[in-house]
Amino acid sequence: MNILVIGLGLIGGSICKALKKYTKHTVTGCDINTDVVNAALSDKSIDNAFNGDYSNTDLVILCLYPEASEEFFRSNAEKMSGKVSLVTDACGIKGDFSRRLRDIAAENGMEYIGMHPMAGKEVGGYANSTSDLFVRANFIIAPFEESTTENTELLKNLALEIGAGKLVV
């Protein structure tokens, strides 16, 4: 798959590093801080820096704080429409937040399914990210009643590929 990770802090950076270490997926990274993007390119945690083009993107993973994830998605959903089929996030909240993202996705011909890796550190930022942060970690996959089995399975398999120890759906 071609995976776009938005936000290269501790979780986003670790997702990129894990994807590159444990999978054959192509990873594109996006961060407001160009120094972080350059560091990720330099240490080969990402294959490409995001250039604003969503073509050939199979999955978008939002790794920003909840408000920023929602704003980014709301601002970019129309550009993703017809190109991206699945969007997920790594936020620790779901509920109303997930319903809003689901609605944005549906309005733009995409599917949204929430995900949350139960992993972290006492320090944040890309510099502290690691490819093994998710090894044996619990992952929550939070589909909706109308979510497709295919995309739910895709996220479950992705979590397992990067080391998840236990999946809770």
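ALA68 to TYR22: FRET efficiency via 1/(1 + (r/R0)^6), r the Cβ-Cβ distance, R0 25 Å, to the nearest 0.05?
Between ALA68 and TYR22 the formula returns 0.40.
Determine, for each peptide in 2-15, 52-65, the mean count of other beta carbons within 10 angstrom over its residues, then list the peptides with the highest first.
The peptides rank, most packed first, as 2-15, 52-65.
Once Lys and Arg get +1 and Asp and Glu get -1 on their Cβ, which of THR23, ASN33, LEU154 lies farthest toward the positive end of the dipole of segment 7-164?
THR23
In segment 19-93, what trypsin sites (Lys or Arg not before Pro) fall in a loop by DSSP, with at most 12 other Cβ atoms inside 10 Å?
LYS24, LYS44
Which FRET efficiency value, to the nearest 0.05, is calculated for GLU146 and ASN51 with the Förster distance at 41 angstrom and r the Cβ-Cβ distance?
Once rounded, the FRET efficiency stands at 0.80.
Estimate the FRET efficiency between LEU41 and ASN128 by the formula 1/(1 + (r/R0)^6), using the beta-carbon distance for r and 25 Å for R0, to the nearest 0.05.
So the FRET efficiency works out to roughly 0.90.
Zone of SER75 (label point 7 Å along Cα→Cβ, backbone N under 18 Å): which residues in segment 33-50?
33-37, 50
Output the antiparallel fraction of DSSP beta bridges having both residues in the chain, as a percent to the nearest 5.
20 percent
Please compute the modelled spin-label separation between ALA106 and LYS83, points set 7 Å along Cα→Cβ, answer in nm with one decimal.
About 2.5 nm separates the two model spin labels.
List the residue ranges in the chain for DSSP H helices whose C-alpha atoms run 15 angstrom or more along the long axis and whose Kyte-Doolittle average is -1.0 or above.
Helices meeting the criterion: 10-22, 95-107, 149-161.
So what is the 222 nm mean residue ellipticity for the chain from helices alone, if each DSSP H run of at least 4 adds -39500 (n - 2.57) and you divide by all residues, rounding to the nearest 500 deg cm²/dmol?
Dividing the helical sum by the residues of the chain leaves -11500 deg cm²/dmol.
Using +1 at the C-beta of Lys and Arg and -1 at the C-beta of Asp and Glu, which of MET118, LEU86, ASN76 has the Cα lying farthest in the positive direction of the dipole of segment 72-169?
Working it through, the farthest residue towards the positive pole turns out to be MET118.
Placing unit charges on C-beta atoms (Lys and Arg positive, Asp and Glu negative, everything else neutral), compute the dipole magnitude of the chain about its Cα centre in debye, rounded to 20.
In total the dipole reaches around 520 debye.
Which residues in segment 52-75 have a backbone N closer than 18 Å to a point placed 7 Å from the Cα of MET1 along the Cα-to-Cβ line?
54-64, 73
Coordinate-derived values only; no laboratory data. Because the structure is a prediction, the values reported are computed rather than measured. Don't worry about glycine lacking a Cβ; one is built from the backbone with ideal geometry, like all the others, and counts go over all protein chains shown.
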